[in-house]
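Beneath this line is the structure, given in C-alpha cells, with notes to follow.
The values are calculated or read from the model by the stated rules, or taken from the named source; none is laboratory data. This one's a predicted model, so the numbers in the text were calculated from it and none came from an experiment. Reconstructed Cβ throughout: ideal geometry from the backbone, glycine too, with neighbour counts over all protein chains shown.
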Amino acid sequence: MYSRTLTILTLFSLVIITLASPVPVPLAEAKVQTPAEDLEVRGTIEARANSGKGTWYNPSVGTGACGWNNKDSELVVALGPSKYNKAKKCGQSITVKSGSKSVKVKVVDLCPSCSGGSLDLSPAAFKKLAPLSKGVIQVNWVRRSAPPYESFGLMLRLTYAVIVTSLTFGWVVP
C-alpha cells in the first residue's frame, strides 16, 4: 500500500512540476554590437611541445619510479628529471611523434640520463616510431589532458551505479 501511494504521489508531483515549468517568452530583437567579421584575431592557443632524443629501455627490469611494474609490451615512457617533476606526471598520457608516426604512451618511470625533452620509450612504443635497431630517434611530444568525453563517460558510469544501488536497496520505487 505504501509503495503504491508513494508511486502515485511521485508521478503526480512530476506532472505538476512539468506543468508549472516556465514558458519561454520571446524577447525583442537583440542588436549585435560587433559583427564577427570585425573581430581581431590575436592568436591561437597551442599545446606546448617538447622535443629531444627518444631511446628505448626495458621497463620489465624492475619497479619504475612511479611505483608500478610494467611490461616491455606496454606503451609506456620514462621522462627526464626536468619533465618528470617529482612524480607529478605519473599516469599521465603523452603523445610522442617522430617523423610522420606517433604513439600515445603513459608516463611510468624516470629517466635519470634524459635531458630536456628527451625520453625513454618501452620497446613496444619505440617500435611504433622506428625499428629498435635505430636506437636513438628525434622526437616531439606533448602532454594530453583527458578529453571531455572521458569525464562524461565516468559521470555516466557513476550515475548508473547510483541508480543500480538505489534499485537494489529499494530507495527508488519501480
### Message
Where the second residue is β-branched (Val, Ile, Thr) and not in a loop (DSSP other than H, G, I, E, B) and the first is more than 17 Å from SER93 (Cβ to Cβ) and lies in the range 121-135, which pairs have Cβ atoms under 7 Å and are six or more apart or on separate chains?
### Response
ALA130/ILE137; GLY135/THR55
### Task
Please work out if GLY43 is surrounded by fewer than 14 Cβ atoms within 10 Å (Cβ to Cβ) and either modelled with pLDDT under 90 or assigned to a loop (DSSP other than H, G, I, E, B) (or both).
yes
### Message
Quick check on the range 103-112. Is at least one of its residues surrounded by fewer than 16 Cβ atoms within 10 Å (Cβ to Cβ) and more than 20 Å from TRP68 (Cβ to Cβ)?
### Response
no
### Among residues of the range 74-98, those that are of a type in the set (Gly, Ala, Ser) and over 13 Å from TRP141 (Cβ atoms), counted
3
### Task
Look through the range 115-131, keep the residues that are out of contact with any strand residue (DSSP E or B) (no Cβ under 6 Å at 6 or more places or on another chain) and modelled with pLDDT of 90 or more, and return whichever of them is surrounded by the fewest Cβ atoms within 10 Å (Cβ to Cβ).
PRO131
